[in-house]
Amino acid sequence: MHKLSLFFSALACLLTITAKAQTYDIVIKGGHLIDPKNNINETMDIAINDGTIARVAKNIDTSQATQVVTADDMYITPGLIDMHTHNFWGTELDQAYMNGPNAVAPDGFTFRNGVTTVVDAGSSGWRTFPDFKAQTIDISKTRVLAFLNIVGEGMRGGPFEQSIKDMDAEVAGNFAKEHAEDIVGIKLAHYNRHEWTPTDRAVEAGKIADIPVMVDFGGSNPPLSIEELFMEHLRPGDIFTHCYGELDSREAIVNRETKKVKPFVWDAREQGIIFDVGYGGISFAYSQAIPAVEQDFTPSTISTDLHIGSMNNAMKDMLSVMSKFLNMGMDVQSVITASTWKPAQVIQREELGHLTEGAPADVAILTIREGDFGFFDYTGYRVEGDQKFECQMTIREGKIVYDLNGIADPVTLRGR
């Protein structure tokens, strides 16, 4: 009886130890973790389980992990958030970015860049949003959020986007409130007459829904004053996208003669206006960006304005835009902050953009390749650089959805 008692005691102990052994879906080992929200900028391991961050610590045991990712000499960051894209793709050839040929389906262009969340920038309005939700938001593996266009039709192009009659602040604001799960802001874009009514209606809709407004400003002749825009129309937290653009139809933030950031632009940033890159096809010029960055006027948020034209022009993709700012002098942590935690704050989705235990397990694993690279803008101005971001792996909700070089063991993509 004594031996039998000892046997059962040992068995119970073994079962207790086994029960206490932590199991993980994925453990990422040896990477340099940059998590701006939690002020982490050092080598750390990450364990993922059931779609969330289970643990962040030194030397996490991998013995119970289903997959182990060796990330030596790599950066581990939150999944990137590209908060200015156009994803309402379609086959209506006369409808521009609203169910038309200029937009792109997100999944083909996100994960290979470490992007796990995109925010469509006003491709749909309240009248067309249900189609966008069914056709893209609900079926994409990428997390797709949206700025709702103040125009009910959205970015249909031509006279549709000039119709003040279709800019109903009350309808748009209430619609955004009703669809708060997907809609994070209001968008004004492409209006080209010299008046403030569209801006004010977009801001009114933003007030109704308690969400920010993103303004693609310009197009009028003469251009409307951006000082008046910042100081008299927008609110703290509202977003001035295409902030480094230099077009005759749009006032620039850097004085073209003195190459100095205009004094009221500094004041606007101090008062809470968000300056977003929104690179686009013709909305980024080195003649604005280089002097601004040299004066430490760096972007609040880095974004692409991804669409068919921009991705095949100077913009390319999210990592290319990030690389341009890295080579202009922004440090790695600042670039990551402007591509993760800051946009999460701007769109009021603070559950995203960080790697806190319990947060959604959206992770990018990046390297910085050294070499001789050329970065140019749409004017043809070219800058040589020696650093370029490259995505090694993307994890979305705890599943590996992109693995460039097979750094997972086993290498099976569990996200398929």
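So I have (i) 1.14; (ii) 0.97; (iii) 1.07, and one of them is Cα Rg over 2.2 N^0.38 Å calculated from this model. Which one is it? Structure-derived value, by its label: (iii).
Once fully extended, how much extra length lies between Glu390 and Thr197, figured as 0.36 nm per residue of separation less the alpha-carbon to alpha-carbon distance? Don't jump to the answer; show the numbers that get you there.
Numbers: separation 193, 0.36 × 193 = 69.48 nm, distance 4.32 nm.
Answer, rounded to one decimal: 65.2 nm.
Rounded, prolate or oblate: which one fits segment 228-358, using the alpha carbon gyration tensor with axes a ≥ b ≥ c (rounded when a/c is under 1.5, else prolate when a/b beats b/c, else oblate)? Oblate shape, in that a/c is at least 1.5 and b/c is the bigger or equal ratio. Applying 1/(1 + (r/R0)^6) with R0 = 56 Å to the Cβ-Cβ distance of Asp94 and Gln64 gives a FRET efficiency near 0.50.
With one equal scatterer per alpha carbon and no solvent term, the Debye-computed log10 I(q)/I(0) for segment 197-243 at 0.15, 0.17, 0.25, 0.28 1/Å reads -0.36, -0.46, -0.97, -1.17.
Tell me, rounded to the nearest percent, the portion of alpha carbon pairs in segment 130-196 spaced more than 18 Å apart.
Working: 893 of 2211 pairs.
The proportion of pairs with Cα distances above 18 Å equals 40 percent.
Cα-based count: Lys pairs in segment 127-216 below 17 Å, eight or more positions apart or different chains? The number of close lysine pairs in segment 127-216 is 7.
Of interest is the spacing of the C-alpha centroids, which for segment 71-115 and segment 346-385 amounts to 13 Å. Only beta bridges with both residues in the chain are counted; by DSSP, about 55 percent of them are antiparallel. Rg and Dmax of segment 270-327, based on Cα coordinates, read 11.4, 36 Å. Straight-line cross-link reach from Lys342 at under 17 Å between alpha-carbon atoms covers these lysines, not counting any fewer than eight positions away in the same chain: Lys37. A simple charge model with +1 on the Cβ of Lys and Arg, -1 on the Cβ of Asp and Glu and nothing else charged puts the dipole of the chain at about 960 debye relative to its Cα centre. Sorted from longest to shortest, the spans of the Cα atoms of segment 349-416 along the three principal axes equal 44, 32, 19 Å. Kirkwood-type hydrodynamic radius, segment 81-192: 13.7 Å, calculated from all non-identical alpha-carbon pairs.
What is the chain's relative contact order, in percent, from Cα pairs under 8 angstrom and six or more apart in sequence? Kindly include the intermediate steps, with their values, before the conclusion.
Numbers: 1005 pairs, mean separation 71.8, N = 416.
Averaging sequence separation for qualifying contacts and normalising by length gives 17 percent for the chain.
Any read-out appearing in this document is the output of simple, stated calculations on the displayed coordinates, not a laboratory observation. Here the structure is a predicted model, which means the values were calculated and not measured. Glycine also receives a Cβ, built like all others from the backbone with ideal geometry; neighbour counts cover every protein chain displayed.
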